[in-house]
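Chemist: The structure's right below; bear with me while I get my questions together.
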Amino acid sequence: MNFTLLQLVLLRYIYHVMTADERQERCDFLKNCTCRQNQVTLLYYVDCSRLEIREIPKLPNNIEELSFKDNKIQVISDQAFSDLTNLLKMDLSSNQIYEFSNTSLIGLKNLRSLNLQNNKLDASMAHLNIHVLKPLENLTNLNTKHNLFGNFQANLTLLVSLRSLEMDFISNDTGMISESFYSMKTLRELDLSGLTGNCSVRSLTNESFKYIPQIENLSLSGCRIKYIHKGTFQQLKHISVLDISNNTCLKFEVLENVTHDLQFSAIKVLKFNKIHKVFDMNTMLRISQIKYLTNTSIQEIHGDSNRLQQIEIGAVLFMPKTLDYVSARDNQFSYGPYLWDMLHIPLKTFSVHICSHFIEKMNNLKNVVMILYVRKNPSQNQRLFWHLIRNVDLSRNLLTSWIGPIYNVKSLKHLDLSSNFCSNVSHYFFSEDFGSLEELHLQNNILGLVLPYDYKGEVLQNLHNLKTINLSQNKIQRLSKDFFKSQLKIERIDLSENTFESIDIDKGHLKSLKYLNLKNNRISYLSVSAKLQLNSIGILNKIFTIDLSQNNFLCTCETINFVQWLVTTTVRLTGKKNYTCQLSDLTLVSLENIDKLYDTLSKDCMSKIPLIVALVASVSSVLIIICSGLIYRYRWKLRYAYYMIKIRSHKKMVLVENDDDKSYMYGAFVSYADEDSTFAHKQLLTKLEKENGIILCLHKRNFLPGNDIATNITSAIHNSRRTIIIMSRNFLRSYWCMFEYNMARMESIYERGHENVLFLIFIDQIASKELPLHILELVQSQSYIEYPNDEYGDTVFWDQITQVLTS
């Protein structure tokens, strides 16, 4: 039979309409449930989750996937699923099920996956036993986690097809898989993880897994394991994936036992993330802990968050040739000879995949910039090794100074150096070998201390193919007009969340620019030259977009030309309707109706009186700003001089004139917030003064009554050999704490000849963005110490403080 094209289209439309009607009719068999039909099998996926259902309703046999997740079902009645012969997957998790009958699961002979997680099944043989599960002859995946089994392990021997099992694993002593598992020859994956269920065992021995020698994938993450004995995994010759992560009591010493057992096995992936406590001392990966891996065909190694700082010389040479991926994120690596071991590994030891990922995925390496400092004329193997790298992520480290130069990175396309506390980058750090770099991320550093002084664009001079650069969150106040002079292909520039008050760009350098982000700066208006340059770029590139949101625009007679530009410019302004502007009377208005605002402003500015007033106000403002700026710049020096003069003239104050023998009334003045007084008065006072004889000055104990606080502070600092700063978030919020900090800084500069009298103790984990810039500079230039939370670190901590204060 022949059909015209129109007839075929009509028939197809009628078919879809009929199919949709049929689908809707078939979904009516379960009220409030969501249904979706498989267009191949014509069976349904039915979702009845979160409907507060208390019992299983009558169900038709045209369902292949069924979910009763997160309801209030307590009992599974007899033959509740007897008609579901086509059902392949069922989810009964997060209910209150505590009872099955022996016939509850009859009819589910084709079921492949069953999820019973988070119910109230217990160890009673009447609730979940071998006879209940007997009908599930084709079940391959079972999840029984988060029930009330305790250390009981259900008998699953009749599940002859089971390949994957997720269950709880609890033991008061040595963990051991039940003997009943020995007959489960098809079981290949066993998930005992405490991250998704209940897992708690003290130790593992060669008895733990002897009844499941066929297992291929074993997860023991988050099981609170304290020790793994040698021989635990020796019988698992088919093991391909082993995860012992998030067992922080294990520490790295246990790796020797684990890798010893895995040699000559089928291991492909080994995960030991976070097996070292967060607040323990840094550790070293030793040869003995990984040497046995040379007898494996392992492809992936995951060792994140382990406070690794060093690798024993020669250890990396034991890595097998099959290794494809190494992840060592969130560690504390520092520069060491082991880095050169990596460079001397022959290229045949790695595939192209490993060469890229081994460097790309090793996040959080302290001073890892030294890895990239490769000789300009390296060996052939080294040159090939580095030329394979296309993406490098070194974000979130402590790479505080980028000197270089860096060579042999000619294939590098993407580089991320964000969040490194960097305040210095040399003009030759990016060598000519960075010519292929297209994407550069430098956000969340402190480059505002160095980039404004790059007047010739020397920092980026070799990045000719750069297309994207992110310089946000760097406290940058300005950039020179020629900073981007070499980036003729640049398309996206992100300068958001800095402190720009104006911008100075050259259209000749930015002909390809598509997007400029100046969001959240301090721009009040754009200069005439800036507006002309932006308009010129908009003419060259029709899709050029700029984001000026969250800036402090001024809409006054002095900035009326800027307001006019916002109205008439052809440049695309992102979120223009959300811009706000401050009027001359300090009223904050939205620029959603900017045309009307411009007309109103134009009329107001026509009068000469407001113009004269505005002129006088402007001149006065300039003078005030200049005077305020000078006073603000030298404010602490002025205050320090004032209080020193006051102290010397006050008869009741005791002021020690420090001569060459450096004698002081106190060993140290302790500056702390009242909320941290427990640490200062109990721990610090006990350890330093009572146990080591160092006399401390504390404001609650040693300040002279009757004198004002500022005078007492200045006198105490002057009469103390050192000033101890108990740095915390409470300290940063306290006015008097910051006063004490600045007075101590002035004492160091003007009375002690720049002698380092400040000693910082961090008792809180404080991000760099929370610290004021002048404190960040001190942290960068002088030593500080963090208060530990472990016994060994506590001893070292107090010994170091005592040594500093007595030296």
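Chemist: Say we look at the stretch 27-80 and pick out the residues that are within 44 Å of the chain's Cα centre (by Cα) and small (Gly, Ala, Ser); which of these is nearest to ASN102 (Cα to Cα)?
Modeler: SER67
Chemist: Same structure, new question: Kindly indicate which of ILE785, ILE801 is among the hydrophobic types (A, V, I, L, M, F, W, C) and either in a loop (DSSP other than H, G, I, E, B) or under 25 Å from ASN420 (Cβ atoms) (or both). Reasoning before the result, please.
Modeler: Details: ILE801 fails: either in a loop (DSSP other than H, G, I, E, B) or under 25 Å from ASN420 (Cβ atoms) (or both).
On inspection, the qualifying residue turns out to be ILE785.
Chemist: Among (1) at pLDDT below 85; (2) surrounded by 13 or more Cβ atoms within 10 Å (Cβ to Cβ); (3) in a loop (DSSP other than H, G, I, E, B); (4) of a type outside the set (A, V, I, L, M), there is one condition ASN692 misses while meeting the rest; what is its number?
Modeler: Failed condition: (1).
Chemist: I've got another one for you. Residues to consider are LEU437, LEU451, LEU412; find the one that is within 20 Å of ASP504 (Cβ to Cβ) and either of a type outside the set (Lys, Arg) or touching a residue at least 60 places away in the same chain (Cβ under 8 Å) (or both).
Modeler: Details: LEU437 fails: within 20 Å of ASP504 (Cβ to Cβ); LEU412 fails: within 20 Å of ASP504 (Cβ to Cβ).
The unique qualifying residue is LEU451.
Chemist: Restricting the stretch 558-572 to residues that are touching a helix residue (DSSP H, G or I) at 6+ places or on another chain (Cβ under 8 Å) and within 13 Å of SER524 (Cα to Cα), which is surrounded by the fewest Cβ atoms within 10 Å (Cβ to Cβ)?
Modeler: ASN561
Chemist: Right, here's the next one. Select from the stretch 36-64 the residues that are within 17 Å of ASN110 (Cα to Cα), β-branched (Val, Ile, Thr) and open to solvent by 40 Å² or more (accessible area, probe 1.4 Å) and list them in ascending order.
Modeler: Residue satisfying the conditions is THR41 alone.
Chemist: It is to be established whether one or more residues within the stretch 745-756 are outside any helix (DSSP H, G or I), of a type outside the set (Val, Ile, Thr), open to solvent by 70 Å² or more (accessible area, probe 1.4 Å) and in contact with a Phe, Trp or Tyr (Cβ under 7 Å, 6 or more places away or on another chain).
Modeler: No - not one qualifying residue is present in the stretch 745-756.
Chemist: Output the number of residues of the stretch 131-159 satisfying the condition of being touching a helix residue (DSSP H, G or I) at 6+ places or on another chain (Cβ under 9 Å) and either open to solvent by 40 Å² or more (accessible area, probe 1.4 Å) or not aliphatic (A, V, I, L, M) (or both).
Modeler: Here is the first cut: in the stretch 131-159, the ones touching a helix residue (DSSP H, G or I) at 6+ places or on another chain (Cβ under 9 Å) are 153-157.
So of that shortlist, the ones also either open to solvent by 40 Å² or more (accessible area, probe 1.4 Å) or not aliphatic (A, V, I, L, M) (or both) come out as 153, 155, 157.
Qualifying residue count, the stretch 131-159: 3.
Chemist: Evaluate the stretch 730-739: report whether one residue or more is open to solvent by 60 Å² or more (accessible area, probe 1.4 Å), more than 29 Å from ARG396 (Cα to Cα) and of a type outside the set (Val, Ile, Thr). Write out each step before concluding.
Modeler: First, pick out the residues of the stretch 730-739 that are open to solvent by 60 Å² or more (accessible area, probe 1.4 Å): 733, 735-736.
Filter once more, keeping what is more than 29 Å from ARG396 (Cα to Cα): 735-736.
Filter again for of a type outside the set (Val, Ile, Thr), leaving 735-736.
Among the residues of the stretch 730-739, at least one is open to solvent by 60 Å² or more (accessible area, probe 1.4 Å), more than 29 Å from ARG396 (Cα to Cα) and of a type outside the set (Val, Ile, Thr), which makes the answer yes.
Chemist: A further question on this structure: Write out, first by first residue and then by second, each pair whose Cβ atoms fall under 8 Å of each other, whose residues are 6+ apart or on separate chains, and whose first residue, in the stretch 691-703, is of a type outside the set (S, T, N, Q) while the second is in a loop (DSSP other than H, G, I, E, B).
Modeler: Within 8 Å, the pairs are ILE695/MET665; CYS697/MET665; CYS697/ASN719.
Chemist: Tally time: how many residues in the stretch 483-523 are polar (S, T, N, Q), touching a strand residue (DSSP E or B) at 6+ places or on another chain (Cβ under 8 Å) and in contact (Cβ under 8 Å) with a residue 40 or more places away in the chain?
Modeler: Number of matching residues: 2.
Chemist: Kindly indicate whether any position in the stretch 548-562 is modelled with pLDDT under 90 and aliphatic (A, V, I, L, M).
Modeler: yes
Chemist: Are there strands (runs of 3 or more DSSP E) fully within the stretch 274-325 with at least 3 residues that are over 22 Å from VAL796 (Cβ atoms)? List them. Spell out the reasoning first.
Modeler: Working: elements: 283-285, 300-302, 308-311.
Qualifying strands (runs of 3 or more DSSP E): 300-302.
Chemist: Could you run through the stretch 457-513 and say how many residues are in contact with a Leu (Cβ under 6 Å, 6 or more places away or on another chain), open to solvent by 60 Å² or more (accessible area, probe 1.4 Å) and under 15 Å from GLY435 (Cβ atoms)?
Modeler: Result for the stretch 457-513: 0.
Chemist: Turning to a different aspect of this structure: For a quick check of your reading of the model, give me the residue pairs whose first member lies in the stretch 137-156 and is more than 17 Å from ILE106 (Cα to Cα) and in a loop (DSSP other than H, G, I, E, B), whose second is hydroxyl-bearing (Ser, Thr, Tyr) and open to solvent by 10 Å² or more (accessible area, probe 1.4 Å), with beta-carbon atoms closer than 7 Å and at least 6 apart or on different chains.
Modeler: LYS145/THR196; ASN151/SER171; GLN153/SER178; ALA154/THR144; ASN155/SER180
Chemist: Can I ask one more? Look at SER94 and say whether it is in contact with a strand residue (DSSP E or B) (Cβ under 7 Å, 6 or more places away or on another chain), modelled with pLDDT of 90 or more and not acidic (Asp, Glu).
Modeler: On the way: in contact with a strand residue (DSSP E or B) (Cβ under 7 Å, 6 or more places away or on another chain): no; modelled with pLDDT of 90 or more: yes; not acidic (Asp, Glu): yes.
Considered against the rule, which asks whether it is in contact with a strand residue (DSSP E or B) (Cβ under 7 Å, 6 or more places away or on another chain), modelled with pLDDT of 90 or more and not acidic (Asp, Glu), SER94 comes out as no.
Chemist: Failed condition for THR232, given (1) surrounded by 22 or more Cβ atoms within 10 Å (Cβ to Cβ); (2) assigned to a loop (DSSP other than H, G, I, E, B); (3) touching a Lys or Arg at 6+ places or on another chain (Cβ under 9 Å), with all others met?
Modeler: In the conditions (1) surrounded by 22 or more Cβ atoms within 10 Å (Cβ to Cβ); (2) assigned to a loop (DSSP other than H, G, I, E, B); (3) touching a Lys or Arg at 6+ places or on another chain (Cβ under 9 Å), THR232 misses (3) alone.
Chemist: Taking the stretch 178-201, which residues are in a loop (DSSP other than H, G, I, E, B) and out of contact with any Leu (no Cβ under 8 Å at 6 or more places or on another chain)? Break it down stepwise before answering.
Modeler: Taking the stretch 178-201 and keeping what is in a loop (DSSP other than H, G, I, E, B), we get 178, 184-188, 192-198, 201.
Matches in the stretch 178-201: SER178, LYS185, ARG188, GLY194, LEU195, THR196, GLY197, ASN198, VAL201.
Chemist: Ok, one more. Check every one of the helices (runs of 4 or more DSSP H) wholly within the stretch 582-657 and list those with 1 or more residues that are open to solvent by 90 Å² or more (accessible area, probe 1.4 Å), farther than 28 Å from THR569 by Cβ and at pLDDT below 70.
Modeler: Details: elements: 594-604, 608-633, 635-649.
The qualifying helices (runs of 4 or more DSSP H) are 608-633, 635-649.
Chemist: Among the residues in the stretch 202-212, are any open to solvent by 40 Å² or more (accessible area, probe 1.4 Å), assigned to a strand (DSSP E or B) and closer than 19 Å to ILE267 by Cα?
Modeler: The answer is no; no qualifying residue exists.
Chemist: All but one of (1) part of a loop (DSSP other than H, G, I, E, B); (2) farther than 23 Å from LEU148 by Cα; (3) modelled with pLDDT of 90 or more hold for VAL46; state the number of the condition that does not hold.
Modeler: Against the list (1) part of a loop (DSSP other than H, G, I, E, B); (2) farther than 23 Å from LEU148 by Cα; (3) modelled with pLDDT of 90 or more, VAL46 comes up short only on (1).
The values are calculated or read from the model by the stated rules, or taken from the named source; none is laboratory data. Just so you know, these numbers come straight off a predicted model, no measurement behind them. Don't worry about glycine lacking a Cβ; one is built from the backbone with ideal geometry, like all the others, and counts go over all protein chains shown. Areas reflect the complete protein model, heavy atoms only, side chains present, ligands, DNA and RNA absent. Shrake-Rupley method; radii C 1.70, N 1.55, O 1.52, S 1.80 Å.
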